[in-house]
Amino acid sequence: MNIPTMAAMMAEGKKPEILFWVGCAGSFDDRAKKITRAFVKILNEVGVDFAVLGTEESCTGDPAKRAGNEFAFQMAAYQNIEIMNAYEVKKIVTTCPHCFNILANEYPELGGNYEVIHHSTFLQQLINEGKVKMKGGGEFKGRRITYHDSCYLGRANGVYEAPRKVLEALDTELVEMKSCRTKGLCCGAGGAQMFKEDEPGEKRINAKRAEEVAETKADIVAVACPFCMTMMKDGVSSDDPNTHTVKVFDLAELIAQGQGLEDIGM
Amino acid sequence: METAQLIQIIAFVVINMAVFYFGGKKFYNIYKNVNLGKDKVIEGDRSERLKNVILIALGQKKMFKEIVPALLHLAVYLAFLITQIELIEIFIDGFTGGHRVLYNAFTELSFLKGIYVLVVNSIEILSVLALFATFVFLARRNLLKVPRLVRSEMNGWPKLDANIILFAEIYLVTCIFMMNGADQALHNNDYPFLLSKGFSNIVLSGLSEGSLHIIERVGWWGHILGVLAFIVYLPYSKHLHIMLAFPNVYFASLKEKGFMSNMPEVTNEIKLMMNPDTAFAAPADGTEPEIPTFGAKDVQDLPWTNLLAAYTCTECGRCTEQCPASQTGKKLSPRKVMMDTRDRLEEVALNIRENGVFVDDGKSLISDEYVSVEELRACTTCNACVEACPVMISPLDIIIQLRRNLILEQSNSPEEWNVMFSNIENNGAPWKFSPQDRFNWANEE
Ligand code: SF4
Ligand code: SF4
């Protein structure tokens, strides 16, 4: 893998076209790191001129902001904006819808103005331009995939079709859950819920979502968010005989598999 | 002029004046209550706002996510709208003591008369459709118990309110047919109003002229009194949405739903911290800079747009039906957040009316009586409620302001969140990892 950092590029007097914002989950969570690497492999294969911030990246502040801690958020934003503006970043791609939302919608007022794009849209563009081609090994034949809408992509920013278009590029059957698109049911992670216990209730939100997965009889749940990944993985891998064989993959992993760049273990 | 006629004119004038006074006062109070909220800069394009008003408020676009209730509601809505046209004549008749003044004035002018006949026929047809819709609504609420209509926050007044209005609808339609039907019978069924002609033929045939006359008057008076009572009742009811949906949609945010406001007070504080020079630049007039309150603890801390939204809420529960927390049995219900905001606002307004200024009553919007901490914590900020609301209310916008108050003013936060905050501040990630390890993923496989 070739993963240039902004600092290294700067030292060579180069400026990449696009910054890949990895995000905290993509950097530290074991499962999400696989998504990050799959996406980098695609970028390498296509020959995208990109760089990452590496150790200079830090949390966008999203969980703090959504929990109500605006101070922690704006402090984090302040630092990130200083760094990105110093590198004269123009365009950002990210594999995390929370980072995407906050960078695109909330950073501009604080002085961070960038063109921000989520990797689902980015992959769709690469596919449309013919830059990402599927090997067609037939491993997707006969599989049913259902797509779980991430709140921060769909309702928050109106990105409903790009992830579905990406999945259509795979030779597979796409089935929808009962609650999809504008009515997509949350995985339960957003709003900093990821970082605390649930309030008392009948069940966990991801358990409810897993029931909807089971109804589709899908073999694979496609997600486009590292937090949805954690929640859906926990939701379907429970003792429920209806879902215990269901696997959860990110769009980037499925595309990397389709391109023959890696074996994700479908 | 006969005495009976004169008495009716006087009664009509007096009743209208009373409605104007009491209704006007209550509406003015609502206006004042909404203004208890904080100022808010309304951003964005005016034409886009007007477009929303036409599509979403007038055109009910968002209702059509659920087709059956949308069509039923449309029948009631159209019947209501078009009846307003007939009210013009009812008022003219009432003030002059005339009878079908417009109809008679139009006899010579065939075009206007054509319109008149069309309007009355539409009213009659839509009234029957609305009547049908009303029965279905009553059944959905009371027999089928559609889940979103019967959650616990609907117990008591909200449930009664909904049913009162549905019965009022039945009452009004009955009055319209008594009025038009008896009028038909008294005029040899000469009016070209199809449904009332049928009603007259089937139900009212064979009655004496005297009884028909009484039925016509009871229908006429019943109808107008019903309408006037409705005006006075509106400010106490969720049915206020028939008026407030328009301004509420107009003032609703045009930004992406994912956008959550950046608190300018916080931006200022951080700027001061980062540039200490400015921190000592005291205001020229020597006064201490005012310390802002962060977030909202009570209704007065919310911007007026949130308070307008609280009065606009139709209590339909579409938000709660879609809310992942509500769906999985958590206490949070976005509809309840709106209802609590309205109830607390009414309480605060009464407090101010009684005392001249607000006297601390030891309560606030964040409290177990209104929106509890447990409810606030359960929100995933998923925007399902915002997406679902047919009148463009954002319960999430209120929730987040209350959350901010809990964290920033009351330091009321679950321990796990405190850990997450300090990790973000110190390690640049919500988990306890060293920032130095952030790029390790590149070398693992
Ligand atoms: S944003 Fe919060 S209140 Fe609204 S639907 Fe989602 S979880 Fe429920
Ligand atoms: S906030 Fe909107 S969706 Fe929720 S009950 Fe009120 S009107 Fe209905």
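The values are calculated or read from the model by the stated rules, or taken from the named source; none is laboratory data. Since the model is a prediction, treat every value here as computed from it, not as a measurement. Here the Cβ positions follow ideal geometry from the backbone for every residue, glycine too, while neighbour counts run over all protein chains shown. Heads up: the accessible areas ignore ligands, DNA and RNA and are worked out on the full protein's heavy atoms, side chains in. Shrake-Rupley method; radii C 1.70, N 1.55, O 1.52, S 1.80 Å.
Quick notes on this structure:
- Take segment B:344-445 with all the other protein chains still there, run a 1.4 Å probe, and you get 41 Å² of accessible area per residue.
- Fraction of accessible area attributable to carbon and sulfur, segment A:142-266 (%, probe 1.4 Å): 46
- Element breakdown for chain B at a 1.4 angstrom probe: carbon and sulfur atoms account for 64% of the accessible area.
- Against the rule of thumb 2.2 N^0.38 Å, how large the Cα Rg of segment A:73-137 comes out: 1.36
- With a 1.4 angstrom probe, the accessible area lost at the B-A interface totals about 5800 Å².
- Over segment A:60-214, the alpha carbon radius of gyration divided by the compact-protein estimate 2.2 N^0.38 Å works out to 1.20.
- Solvent-accessible surface (1.4 angstrom probe) belonging to residue B:7, in square angstrom, nearest 10: 110
- Dipole of chain B computed with +1 at Lys/Arg Cβ and -1 at Asp/Glu Cβ about the Cα centre; of B:245, B:92, B:393, farthest Cα towards the positive end is B:92.
- Cα gyration tensor category, rounded, prolate or oblate, for segment A:30-88 with a/c compared to 1.5: oblate
- Counting every C-alpha pair in segment B:1-92, the share spaced more than 18 angstrom apart comes to 73%.
- Set of aspartates and glutamates near residue A:34 by C-alpha distance (under 14 Å), chain-local residues within fewer than 8 positions excluded: A:250, A:253, A:262, A:263, B:444, B:445
- Using θ = phi - 60° in the Karplus curve 6.51 cos²θ - 1.76 cosθ + 1.60, the 3J(HN,Hα) couplings for segment B:293-303 round to 8, 8, x, 10, 9, 9, 4, 5, 7, 8, x Hz; x is entered for Gly and Pro.
- Within segment B:1-50, the GluC sites (Glu not before Pro) that combine a DSSP coil assignment with at most 11 other C-beta atoms in a 10 angstrom radius are B:2, B:43.
- Partners for residue B:197 among lysines (Cα-Cα distance below 19 Å; same-chain residues under 8 apart left out): B:113
- Share of carbon and sulfur in the accessible area of segment A:6-125 stands at 47%, probe radius 1.4 Å.
- Occluded residues from segment A:2-39, i.e. those whose accessible area drops by 30 Å² or more once the chain is not alone (1.4 Å probe): A:3, A:24, A:27, A:28, A:33, A:37
- Sorted largest first, extent of segment A:135-258 alpha carbons per principal axis (Å): 47, 35, 23
- Among the listed pairs A:196/A:233; A:65/B:271; A:33/B:432; B:32/B:297; B:40/B:363, those whose Cα-Cα separation exceeds 23 Å are B:40/B:363.
- Residue-wise HN-Hα coupling along segment B:226-240, computed from phi with Karplus coefficients 6.51, -1.76, 1.60 (Hz; x: Gly, Pro): x, 4, 5, 5, 4, 4, 6, 6, 2, x, 9, 10, 5, 6, 4
- MRE, 222 nm, helices only [DSSP H, n ≥ 4, -39500 (n - 2.57), over the protein assembly as shown, to nearest 500]: -16500 deg cm²/dmol
- Note on residue B:190 and residue B:293: the model spin-label points, each 7 Å out from Cα along the C-beta direction, lie 6.8 nm apart.
- When chain A is treated as a GNM with alpha-carbon contacts under 10 Å, the residue of A:108, A:97, A:16 showing the greatest mean-square fluctuation is A:108.
- Along principal axes, Cα extents of segment B:379-419, largest first, whole Å: 37, 18, 7
- At least 30 Å² of accessible area lost relative to the chain alone, listed for segment B:300-347 with a 1.4 Å probe: B:322, B:324, B:327, B:328, B:329, B:330
- Taking all protein chains together and a 1.4 Å probe, the residues A:40, B:386 rank B:386, A:40 from largest to smallest accessible area.
- A Cα-only calculation for segment A:54-109 places Rg and Dmax at 10.8, 30 Å.
- Per residue, in Å², the accessible surface of segment A:135-258 once ligands and nucleic acids are set aside, probe 1.4 Å: 37
- Restricting segment A:202-241 to GluC sites (Glu not before Pro) that sit in a DSSP loop and have at most 12 other Cβ atoms within 10 Å of their own Cβ leaves A:202.
- Volume per residue that the Cα convex hull of segment B:302-445 spans, once the total is divided by residue count, Å³: 155
- Normalised contact order of chain B, rounded percent, pairs of Cα under 8 Å and 6 or more residues apart: 18
- Debye-sum result for segment A:12-125 in log10 I(q)/I(0), which assumes one identical scatterer on each alpha carbon, at q = 0.11, 0.12, 0.15, 0.24 Å⁻¹: -0.33, -0.40, -0.63, -1.55
- Applying a DSSP loop filter and a limit of 14 other Cβ atoms within 10 Å to the chymotrypsin sites (Phe, Trp or Tyr not before Pro) in segment B:354-423 leaves B:358.
- Translational D in µm²/s for segment B:87-240 (Stokes-Einstein at 25 °C, 0.890 mPa s, Kirkwood Rh from C-alpha pairs): 143
- Length-normalised contact order for chain A - Cα pairs under 8 Å, 6+ apart - percent: 19
- Segment A:135-258, relative contact order in percent, only Cα pairs under 8 angstrom and at least six apart counted: 30
- Shown in residue order for segment B:124-141 are the 3J(HN,Hα) couplings computed by the Karplus curve 6.51 cos²θ - 1.76 cosθ + 1.60 at θ = phi - 60°: 5, 5, 5, 5, 5, 4, 5, 4, 4, 4, 4, 5, 5, 4, 4, 5, 4, 6 Hz (x for Gly and Pro).
- Listed residues B:219, B:362, B:24, most fluctuating in chain B (Gaussian network, C-alpha, under 10 Å): B:362
- Against the compact-protein benchmark of 2.2 N^0.38 Å, the Cα-based radius of gyration of chain B scales to 1.25.
- Over 34 Å [Cα-Cα, the protein assembly as shown], rounded percent: 55
- Here the Debye sum runs over all C-alpha atoms of chain A as equal scatterers in vacuum, and log10 of I(q)/I(0) at q = 0.12, 0.13, 0.17 Å⁻¹ comes out as -0.71, -0.83, -1.38.
- Spatially proximal lysines relative to residue B:159 (Cα-Cα < 23 Å; intrachain offsets below 8 disregarded): B:26, B:145, B:238, B:330, B:331, B:336
- Listed residues A:255, A:205, A:145, most fluctuating in chain A (Gaussian network, C-alpha, under 10 Å): A:205
- Accessible surface, 1.4 Å probe, highest first, among residues A:143, A:37: A:143, A:37
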